[in-house]
Amino acid sequence: MTDQHFDTMQVHAGTPPDPATGARQTPIYQTTAFVFRDADHAAALFNLQEVGYIYSRLTNPTVAALQNRVAALEGGAGAVACSSGHAAQIMALFPLMEPGRNVVASTRLYGGTVQQFTNTIRKFGWSCKFVDFDDLDALAAAIDDDTRAIFCESIANPGGYITDLPAVAGVADKAGLPLIVDNTSATPYLCRPIEHGATLVIHSTTKYLTGNGTVTGGVIVDSGKFDWSASGKFPSLSEPEPAYHGLKFHEALGPMAFTFHGIAVGLRDLGMTMNPQGAHYTLLGIETLSLRMERHVANAIKVANWLEKDDRIGRVTYAGLPSSPYYDRVAKVCPNGAGALFTFQLKAGYEGCKKLIDSLELFSHVANLGDARSLVIHSASTTHRQLTEEQQRAAGADPDVVRVSIGIEDADDIIADLDQALAKASA
Ligand SMILES: *Cc1c(COP(=O)(O)O)cnc(C)c1O
């Protein structure tokens, strides 16, 4: 399967005709539990000696189809789907962390992630150190004996900055730590982090993978390449796991250790499960992923170029513009394009941003990205509101910038809407 091209895999991977009925589209298996063949079958399933379905908090055929498809598109060994992108972040860290351990993360992240990593994970006894990932020495210096993961976004919120994944993976590798890459804004069509050295790739499937703003979901893809036993730092995977009758996941399951732990312990005990309806919408969305991403990127290039030439506008952060300091990384890290998410600065300042947002008609003013529709938000007063002004500036959510997620409409209509709203905002 993985030898096929992307456009073929996005339609076929993980979804052979339904074995029970021959249904060509993957059915929504709307069931909580699955009948065991007999007592031995039930025992084999619970022992992970046989792969099958027990209870939909753990696994479900519709959700499994999605897991297999995303794993194929990312080039991973396995994947675990869950209820949201934020759930995916907790689920990714859960097997790696213990009280007292930390994660080193980029300052340029989705605002909700900065919040989750700054405050909420402290309740588990975990902590996060934020560093500018363009400064590799600072990144290396932030790693200590308690660090268990390195975390960044491939195309980072809100400015659409491109992370130098091969360089960051090099630092993680030297420290013997897994690199977790949030690939939400890029999608595997634009960027395949595992090819650049990532250990785990996570997604908010809420965004481009579903692609139409219908359901929330998340997924964690494991490369299957990290040696969880080498350093002794990941006992949940390398040592007898007390939460699963002493099973040594890495020894027993090899490259599928992380995936099985995520299902057998993570979903079982944290319960952040994706529902089969949600998986169905996301499977439908992925069928057109490359087609949509091509249009998102083509529109973003047109709109960013137009904005950059307009004298009502200051800085435009789109990495697909030759003026961007990240332009050279596009070909290396995301060869199919720099995405469709970026910010621009208004010379009319904070008040101008508010006026612009209230004057846009085609753009929807929402806290979301990766919809088929063009979206706009003023990050500093919304998604990045709970952050300090210093954190906002470090993330690129300055008070006088707005963030856009360019949709798949006709680019001329997107530009016309911006033009009329800018006239009002700058008057
Ligand atoms: C939206 C988003 C998340 C959180 O995902 P939810 O599905 O909303 O929980 C995490 N990371 C990035 C980059 C996002 O855009």
Original post:
Do any strands (runs of 3 or more DSSP E) lying entirely in the stretch 156-228 carry at least 2 residues that are out of contact with any Pro (no Cβ under 7 Å at 6 or more places or on another chain) and within 11 Å of the ligand (Cβ to nearest atom), and which ones are they?
Top reply: 200-204, 218-222
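Yes/no matrix, rows are residues, columns are (1) assigned by TED's automatic domain parsing to the domain that holds M91; (2) over 17 Å from the mean Cα position of the chain (by Cα); (3) surrounded by 24 or more Cβ atoms within 10 Å (Cβ to Cβ); (4) farther than 22 Å from G85 by Cβ:
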position	(1), (2), (3), (4)
Y208	yes, no, yes, no
T216	yes, no, no, no
I220	yes, no, yes, no
F249	yes, yes, yes, yes
A252	yes, yes, no, yes
P255	yes, yes, no, yes
L270	yes, yes, no, no
A279	yes, no, yes, no
Subject >> Matching helices (runs of 4 or more DSSP H) fully within the stretch 30-109 where at least 1 residues are more than 23 Å from P16 (Cβ to Cβ) and either in the same structural domain as L247 (by TED's automatic domain parsing) or in contact with a strand residue (DSSP E or B) (Cβ under 6 Å, 6 or more places away or on another chain) (or both) >> reply: 39-46, 85-93
**OP:** State the number of residues belonging to the stretch 130-153 that are buried (at least 17 other Cβ atoms within 10 Å of the Cβ), without any contact (Cβ under 8 Å) to a residue 60 or more places away in the chain and either away from the ligand (no atom under 14 Å from the Cβ) or not assigned by TED's automatic domain parsing to the domain that holds A172 (or both).
**Re:** 9
Original post:
Would the stretch 396-415 turn up any residue that is buried (at least 24 other Cβ atoms within 10 Å of the Cβ), at pLDDT below 85 and in contact with a Ser or Thr (Cβ under 6 Å, 6 or more places away or on another chain)?
Top reply: yes
**OP:** Starting from the stretch 212-223, keep only residues that are closer than 20 Å to G197 by Cβ, then list their pairs with residues that are part of a loop (DSSP other than H, G, I, E, B) and among the polar types (S, T, N, Q) whose Cβ atoms are within a distance under 6 Å, requiring at least 6 positions of separation or different chains.
**Re:** V219/T205; S223/T199
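Given the condition more than 16 Å from the ligand (Cβ to nearest atom), over 20 Å from the mean Cα position of the chain (by Cα) and crowded, with 17+ Cβ neighbours inside 10 Å, answer yes or no: does some residue in the stretch 38-47 qualify?
Among the residues of the stretch 38-47, at least one is more than 16 Å from the ligand (Cβ to nearest atom), over 20 Å from the mean Cα position of the chain (by Cα) and crowded, with 17+ Cβ neighbours inside 10 Å, which makes the answer yes.
The values are calculated or read from the model by the stated rules, or taken from the named source; none is laboratory data. These numbers were taken from a predicted model, which means no experiment stands behind them. Virtual Cβ from ideal backbone geometry, glycine too; neighbours counted across all protein chains shown.
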